[in-house]
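Enquirer: The structure follows.
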Amino acid sequence: MEQQQSGSPSPRSPSSQPYLTVSVTDPVKLGNGVQAYISYRVNTKTNLPEYQGHEKIVIRRYSDFVWLRDRLFDKFKGVFIPPLPEKSAVEKFRFSAEFIEMRRQGLDIFVNRIASHQELQQSEDLRTFLQADEETMERLRSQETGIFKKKPADLMQIFKDVQSKVSDVVLGKEKPVEESNPEYEKLKHYIFELENHLAEAQKHAYRLVKRHREMGQSLSDFGKAAKLLGACEGDILGKAFSDLGNKSEALSVKLQREAHQLLMNFEEPLKDYVRAVQSIKAKILKLGASLKCQMIFGVFLIYIYYCRDKLMLTRSDKVGEAEHEYKEAKSEEATGKFETIVRLMNEEIVRFQEQKTLDMGIAFHEFAKGQARLANSIADAWRSLLPKLEAFTSDPVTFQGCAHVYA
């Protein structure tokens, strides 16, 4: 939110408009060995009445952020929950300064996206995350979900064989409800395509970062070799080689610095959106899985009656009754809820696309600026050496003088 520096309060100032801002700062390593982890200082500023005061500072660890995301993912069916920065799969990088800063930045983006979302910012779980003491968070983190909170995919696996048998024997090859909804199919197709394109762009961004770092290392090695070569030459040629080595090492530093900027301002934003799209994809697939799970329970009822009818050769009317109940539930309740959530998801996609356009525009702008800045620095550095090096190719006297020293 904007704030006026002076004068009477603006209608848009925090004093008159609701605001909720969060900063994730000061990563600190705690513990040793496999028990080591990074804690973060989470500072919340708000004027929302449901919060405890205008400012609150708590200490959180990565698993607390995971707890928040999982809670929101389960409770807000049609809302796309922002992704978390990934965990390091390589132990030696887990506590590197670069990785810690990337994670801190990712966690800051994650929690502020939630805080700025009109619906998610009302979540009781968010308020708990931003205000509860460390002991409370640890207790909440360690609570077991229990068998009745199994994911739809787990329940689907239980009834997989039943669904197959009933589909073949009783219902035939009926098309699933989620596949018969054009809006759902359009949404799913868009997200799957976007994931492929973003993943491809992020893969090449990674290669650019790697190339910058490798080139920087090569220039550093070449610079050292050039200076050693210069030490074996006469004063004039030795000075030229020494200058060449110094320029190479200076450019190496610039390339390494630009590689870091490219990582933070280009590759990481792309990677963040790959994770965001994967999160949306998971939400979409979970919606379809939830509907299938609900349908399977209905199908299971039919299957029970069907088997009973086949074994006892009686009460054949029960199969028809079960099918009727199943179809009613499918058309009125399951399909209705499904379509409502799809509409919410389409609204979320519009918001997501607007934010993606802004963020990707910034990322590509930073990329272009960085490459232009680096290209100019490299050109200027080599250009400054040309007069000295050209002297050895254009002035035979200079060459003869150098050769005479070692004759």
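Coordinate-derived values only; no laboratory data. Predicted model only: the values in this text are computed from it and were never measured. Positions of Cβ are generated from backbone atoms using ideal geometry, with glycine treated the same way; all protein chains shown enter the neighbour counts.
Enquirer: Please work out how much length the chain gains when fully extended from TYR62 to ARG351, using 0.36 nm per residue of separation minus the C-alpha to C-alpha distance, in nm with one decimal.
Expert: On the way: separation 289, 0.36 × 289 = 104.04 nm, distance 2.67 nm.
Between TYR62 and ARG351, full extension yields an extra 101.4 nm.
Enquirer: As an exercise, use a Förster radius of 45 Å and the Cβ-Cβ distance of GLU86 and GLU390 to find the FRET efficiency, rounded to the nearest 0.05. All intermediate terms of the calculation are to be shown ahead of the outcome.
Expert: Values: r = 50 Å, r/R0 = 1.12.
Efficiency for this residue pair is about 0.35.
Enquirer: I'd like the Karplus ³J(HN,Hα) series for segment 198-211: coefficients 6.51, -1.76, 1.60, θ = phi - 60°, whole numbers in Hz, and an x wherever there's a Gly or Pro.
Expert: Those phi angles translate into 5, 4, 5, 5, 5, 4, 6, 5, 4, 5, 5, 4, 4, 5 Hz.
Enquirer: Quick check: pseudo-label points 7 Å beyond the Cα along Cα→Cβ at GLU135 and GLN17, how many nm apart are they?
Expert: 4.1 nm
Enquirer: Find how much the distance from THR25 to ALA97 grows on full extension, using 0.36 nm per residue of separation minus their present alpha carbon separation; answer in nm with one decimal. Walk me through the numbers on the way to the answer.
Expert: Details: separation 72, 0.36 × 72 = 25.92 nm, distance 1.36 nm.
Here the answer is 24.6 nm.
Enquirer: Can you compute the FRET efficiency between GLU214 and LYS337 using 1/(1 + (r/R0)^6), with r the Cβ-Cβ distance and R0 = 56 Å? Round to the nearest 0.05. It would help to have the intermediate numbers written out before the result.
Expert: Details: r = 53 Å, r/R0 = 0.95.
It comes to 0.60.
Enquirer: Pop out the ³J(HN,Hα) list for segment 221-231 in order, Karplus 6.51 cos²θ - 1.76 cosθ + 1.60 with θ = phi - 60°, rounded to Hz; leave Gly and Pro as x.
Expert: 5, 5, x, 4, 5, 5, 5, 5, 5, x, 5
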